[in-house]
Amino acid sequence: MIVPEDSLLKFEIPEIIYGLGSLSQIGLSAKRLGGERILLVTDPGLLVAGWVDESVKYLKEENLQYVVYDNVVTNPRDFQVEEGAQLYRQKKCDVIVAVGGGSPIDTAKGIGILASNHGRIHEYEGCNLITQPIPPLVCAPSTAGTGADVSQFTVITNKRANVKMTILSRAITPDITLVDPRLLKTKSSELIAATGMDTLTHAIEAYVSSLSWPMTDPHAIHAIELVAEHLVNAAKTKDMTALEGMSIACLEAGMAFSNAILGAVHALAHPLGGFYDIHHGLANSLLLPVVVRQNMEHALPKFAGIARALGAETRDKSIDAVAQQVPGQLQNLIAKLGLPTRLSQVGVDEADIPRLAQMAENDICMLTNPHCYMKAEIESMYHDVL
Ligand SMILES: [Fe+2]
């Protein structure tokens, strides 16, 4: 039997329009969803890079009214979601368009939740607590990392508690995503490297997730192969073929993790973002090798598949020997990208580890990890990379 008899599985993704220049479809896409007054959610970097002006041009070509909300930062805050939702209501918008990386897209989803469901964003933390459909949502991702443009996740920081709130609901899967690899050209090498490690973490965690199934596995494995082939080149040279490879890797990893969910790397990374404002991709990169080492015995054949996808030599080797290569392969990749490898390099304080571990133990992503770790084991993993 491929899946247990009592399981009902779903595979949900948005309409995907892919290709160089696909941003040009942003007005038409909003119009197709019934839009007349658009809330465009973005961040100041996208404005400077010129992508907001280009998006506005396409909205105007379709005679759409629009208002821009750009008060978005990395690790988006609860008050920004509330501010954006207020603007959406004031301007009587009917469609949300997000242009940017994971932060504007996650903010747009949060705005959508409040636009239809009212109350505070904190009330929706957890699984499937959204009762009303959000307004139509079109995304144009500017990074190859978060997969937020295809996923049913949003992660918003509770600023008062410095805690990241993960919200998971089919209701927040975007309607249309426009994947235009041109947008990656204006990102720094460091950002391409860190967001690419987020993509790799999505693919690995989805592949070993307790909810993985034959609809998610091929996308996860292909995403890992694409990262192995293209990430270093994309970050170092911004070669367009490499950026396209990473765009597709991000899409496929997003399709896999949105439907198979994530694991302990994200559970341990979320508190680092909430507590220290560390970039999400970088937090995942720091934690990925140590968590993989711990997870190894709980999903050995799958880690052998990951080793192969990362390009490991497999001839005459046992499954165990093939799988054991993964941590070293990851460390080599991180070294080539020049990313930090110790938590102390990004400001993590040893004294905070018990509190971080408590948050990680309670994170929703721990539920689908191949093994559920207790607080003491999580503390030990943080210490290993301190
Ligand atoms: Fe992620």
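Values in this text are rule-based calculations from the coordinates and carry no lab data. None of the values given here were measured: they were computed from a predicted structure. Positions of Cβ are backbone-derived with ideal geometry, glycine not excepted, and every protein chain shown enters the neighbour counts.
Each residue of the range 105-122 in order: what ³J(HN,Hα) in whole Hz does its phi give by Karplus 6.51 cos²θ - 1.76 cosθ + 1.60, θ = phi - 60°, with x for Gly and Pro?
5, 4, 4, 4, 5, x, 4, x, 4, 6, 4, 9, 10, 6, x, 9, 4, 4
When a/c reaches 1.5 or more, the comparison of a/b and b/c decides; with that in mind, is the range 97-225 rounded, prolate or oblate per its Cα gyration tensor?
Here the range 97-225 falls in the prolate category.
Lysines near Lys10 by alpha-carbon distance under 30 Å, same-chain residues fewer than 8 away left out - which ones?
By straight Cα distance, Lys10 reaches Lys31, Lys109, Lys164, Lys302.
For the chain, how big is the tail of P(r) above 25 Å, as a whole percent of Cα pairs?
Value for the chain: 52 percent of Cα pairs lie more than 25 Å apart.
What is the Rg over Rh value, at two decimals, for the range 15-183, using alpha-carbon atoms and the Kirkwood definition of Rh?
0.93
Cross-link candidates for Lys236: which lysines have Cα within less than 23 Å, leaving aside residues fewer than 8 places away along the same chain?
Counting by Cα, and skipping residues close in sequence, Lys236 has these lysines nearby: Lys185, Lys187, Lys336.
So what are the range 69-163's ellipsoid semi-axes, whole angstrom, largest first, if each one is the square root of 5 times an eigenvalue of the alpha-carbon gyration tensor?
Square roots of five times the eigenvalues give 17, 16, 14 Å.
Given H placed on each backbone N at 1.01 Å, which residues far from Val95 in sequence or on other chains put an amide H within less than 5 Å of it?
For Val95, the qualifying residues are Glu36, Arg37, Leu39.
Relative to 2.2 N^0.38 Å, what does the C-alpha radius of gyration of the range 1-104 come to as a ratio? Two decimals please.
Normalised by 2.2 N^0.38 Å, the Cα Rg of the range 1-104 equals 1.30.
Of Gly110, Gly84, Gly126, which has the largest mean-square fluctuation in a 10 Å C-alpha GNM of the chain?
Of Gly110, Gly84, Gly126, the most mobile in the Gaussian network model is Gly126.
Tell me the Kirkwood hydrodynamic radius of the range 174-226 in angstroms, computed as one over the mean inverse distance between distinct C-alpha pairs.
Over the range 174-226, the inverse of the mean reciprocal pair distance is 12.7 Å.
Within 10 Å of each residue's Cβ, count the other Cβ atoms and sort Val48, Val292, Val385 from fewest upward.
Ranking Val48, Val292, Val385 by Cβ neighbours within 10 Å, fewest first, gives Val48, Val385, Val292.
About its Cα centre, how strong a charge dipole does the range 15-183 have in debye, to the nearest 20, once Lys and Arg get +1 and Asp and Glu get -1 at the Cβ?
280 debye
What is the dipole size for the range 188-384, taken about its Cα centre, with +1 at each Lys and Arg Cβ and -1 at each Asp and Glu Cβ, in debye to the nearest 20?
280 debye
Can you tell me how much longer the chain between Lys375 and Ala321 gets when fully stretched, taken as 0.36 nm per residue apart minus their C-alpha distance, in nm with one decimal?
Gain on stretching Lys375 to Ala321: 16.5 nm.
Got a sec to turn the phi values of the range 140-149 into Karplus ³J(HN,Hα) couplings, 6.51 cos²θ - 1.76 cosθ + 1.60 with θ = phi - 60°, whole Hz, x for Gly and Pro?
10, x, 10, 10, 9, x, 6, x, 4, 6
Take every DSSP beta bridge with both residues inside the chain and express the antiparallel ones as a percent of the total, to the nearest 5.
20 percent
Return Val56, Val155 ranked ascending by Cβ neighbour count within 10 Å, so the fewest neighbours appear first.
Starting with the residue having the fewest Cβ neighbours, the order is Val56, Val155.
Please order Phe11, Phe303, Phe257 by the number of other Cβ within 10 Å, starting at the fewest.
With the fewest neighbours first, Phe11, Phe303, Phe257 line up as Phe11, Phe303, Phe257.
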